[in-house]
Amino acid sequence: MGIIEDYSDFQIDLITIKTAKQVDDFAIRIHFSDGFHRLVDFRPFLESSLHPSIRKYLDERRFEQFQIVDGNLNWNNHDLIFPIEDLYQGKL
């Protein structure tokens, strides 16, 4: 006999990014699907990284080429991406 789990009573609301606009060199104002918005400054994260694949985004022209893909911020086909929860909390 197998265990049958019925998830129909659970409604999972996934938060996604609806819009994002760069407002400063490395700061992006992010609007989430639940109506919340936050200004996230990526500069401290980028400057503190020692990894060249992350530090290359200190080039403003490269940084500004982000897109929203599947409800998340995405740079260069998932070359740089952050968990939604971290962006929502503003903690990178």
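Is the stretch 45-62 home to any residue that is over 12 Å from L73 (Cβ atoms), in contact with a Gly (Cβ under 8 Å, 6 or more places away or on another chain), surrounded by fewer than 16 Cβ atoms within 10 Å (Cβ to Cβ) and not basic (K, R)? No, the stretch 45-62 has no match at all.
Would a scan of the stretch 35-42 turn up a residue that is exposed (fewer than 11 other Cβ atoms within 10 Å of the Cβ) and on the phi > 0 side of the Ramachandran plot? Before you say what the answer is, go through the steps one by one.
Restricting attention to the stretch 35-42, the residues satisfying the condition of being exposed (fewer than 11 other Cβ atoms within 10 Å of the Cβ) are 35-36.
Going one step further and asking which of them are on the phi > 0 side of the Ramachandran plot, we end up with 35.
So far as the stretch 35-42 goes, yes, one or more of its residues are exposed (fewer than 11 other Cβ atoms within 10 Å of the Cβ) and on the phi > 0 side of the Ramachandran plot.
Would you check which residues across the stretch 63-80 are without any contact (Cβ under 8 Å) to a residue 24 or more places away in the chain and surrounded by 15 or more Cβ atoms within 10 Å (Cβ to Cβ) and list them? Within the stretch 63-80, N74, W75 qualify.
All of the numbers you see were taken from the coordinates with simple rules; none came from a lab. Bear in mind that the values here come from a model prediction, so they are computed numbers and not experimental data. Counting neighbours? That spans all protein chains shown, and the Cβs are built from the backbone with ideal geometry, glycine included.
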